[in-house]
Amino acid sequence: MASPFRFCLILVGVLALCTHVLAADPPPGADPAADADSTIDLQDAVPPEPAAVTAKPGSEISLDDVRRFTAVMSLVKQAYVEPVDDHQLMLAAIKGMLIGLDPHSEYLEADELDQLNEDTSGSYAGLGLEVTTVDGFLKVIAPIDETPAERAGIKAGDTILRIDNVPVQADNLDDAVDMLRGVAGSEVSLSILREGAREPREFKLTREIIRVASVRGRLLEPGYAYLRVAQFQAETGSDLRKRIAYLQKENGKPLLGAVLDLRSNPGGLLNAAVEVSDLLLDSGGIVTTRGRIREAAMAFRATPGDALEGASLVVLIDRGTASAAEIVAGALKDNQRALLMGRRSFGKGSVQTVLNLDDRHALKLTTARYYTPSGISIQAAGIQPDIELADLALSENEEDAFGRVSERDLRNHLKGDAETPAGKSAGDAKAKPGAPSDYALNEALNALKAMALQQRRAAPPAAAVEGSRN
């Protein structure tokens, strides 16, 4: 039977090896900067250049901690109900170390790295759910647009209690996330507890190939565009630029305003968030990141050129607006480029970097916090909208069987100068076909029209401009 002293030697050897690896050059052929797209994590990761990590005085590992660790490991090997090998225990120790840091840091093996690459490409087989762990529970950050989860009515903030009748527990969260994915066409049942509800709701969904179209858009009315960004992927910036150009052409003249919908957007690539922000800003800061290593300190600023040419802009956010989406919302708000409407955002203000150990193993490690242009960290606080909207839905008014009575309906009423021959006024007209049925979008459109009107009134008349040149 192995002695604690032997395990102590093993651990000291491992620690010495880790220290050497941290300070060493990257393996031959490794180029984090050139391979950025394949190693960037969906939660805003930007791979730093390799750098030596120097231990600070007093940061050496305590020999007492080493002894305690090896004693625990030895007792587990001796007394645990079933045999466990050294590799299994060391792997559990590594995962436990990262889980203990924060909900976003984790150890990635080959299959998890493959999943990460699938997520970055925007195509995988599953339900279309972005989830995270909160106090040992599996919570929904947001369902992705036009996926089984979104069509079933799953919402941001929902807690997943069971998957195929298997309870989701704190010690099997990784397995639970794996269970959400599977072969396209296969069915899965979810037991979900919604905030404020006493009893869970049951959902039965069919997995499918999730192809996330990160950008969509249309004209709400002549002059007013709707732009939806569902997730930040490598091509999101260029796709949004093309969509804006297409809508400008369809409108036949410059747009008066646009609604940028970032609701239930779980985030994505930091570079894509910077590109989208730059697309809608003419100048000013976008985001800064700060961490303990030199490479974690970055600052991004907008370059001249606003794709909307200064048209009024409203941004919709909610509790499912997270990470990269919050970077965009914060940049547009702090630069006073847009009016934010909706509900307080999710509050993920950290950056994760994928650090490759070899070609089959990596760490996804939180390396920095990000800050809005005004220097505010939104970590665990979120971004507060300028105008808060309740979580409401629009519905049509029921027709009154007896009709509405007004002055013009009274017998022998005085004729009005503006009375219509048919006895109906313009106020009786029904909503236009195609008008938004989405409450928040409807409110955003109304605000956008008011902003555009104010902008037109603030512009000097053409004649006055000409006269000022004399």
Q | Length released on extending from LYS204 to ILE293, taking residue separation times 0.36 nm less the Cα-Cα span | A | 27.5 nm
Q) In what sequence do LEU113, LEU227 fall when counting other Cβ within 10 Å, fewest first? A) LEU113, LEU227
Q: If a/c stays under 1.5 just call it rounded; otherwise compare a/b with b/c (prolate if a/b is bigger, oblate if not). Do that for region 123-211, with a ≥ b ≥ c from the square roots of the Cα gyration tensor eigenvalues.
A: prolate
Q.
Residue by residue through region 221-233, what is 3J(HN,Hα) from phi via Karplus (6.51 cos²θ - 1.76 cosθ + 1.60, θ = phi - 60°)? Round to whole Hz and write x for glycine and proline.
A. 8, x, x, 10, 9, 10, 10, 10, 10, 8, 6, 9, 10
Q) What is the packing order of peptides 209-216, 386-393, taking the mean over residues of other C-beta atoms within 10 Å and listing the highest first? A) 209-216, 386-393
**Q.** Cα-projected label distance for ASN251 with GLN454, points at 7 Å along beta-carbon direction, nm
**A.** 1.8 nm
Q | Overall form of region 288-352 per C-alpha gyration tensor (a/c, 1.5; a/b vs b/c) | A | oblate
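Can you sort HIS361, HIS87 by how many other beta carbons sit within 10 Å, fewest first? Intermediate values should be presented prior to the final figure.
Working: HIS361 14, HIS87 8.
Ascending number of Cβ neighbours within 10 Å: HIS87, HIS361.
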Q) Once phi is turned into ³J(HN,Hα) by the Karplus curve 6.51 cos²θ - 1.76 cosθ + 1.60 with θ = phi - 60°, what whole-Hz value does each residue of region 74-84 show in order, with x for glycine and proline? A) 5, 5, 4, 5, 7, 10, 4, 4, 10, x, 9
Q. What is the spread of the Cα atoms of region 215-388 along each of their three principal axes, largest first, in whole Å?
A. 53, 35, 28
Q: Arrange the following residues from fewest to most other Cβ atoms within 10 Å of their Cβ: GLU295, GLU82, GLU130, GLU195.
A: GLU82, GLU195, GLU295, GLU130
Q) Structure shown: which of LYS253/LYS449; LYS242/LYS348; LYS155/LYS364 lie over 19 Å apart, alpha-carbon to alpha-carbon? A) LYS242/LYS348; LYS155/LYS364
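Every number in this text was worked out from the coordinates using simple rules, so none of it is lab data. For clarity, every value in this text was computed on a predicted model and none was experimentally measured. As a convention, Cβ positions derive from the backbone with ideal geometry for all residues, glycine included, and neighbour counts pool all protein chains shown.
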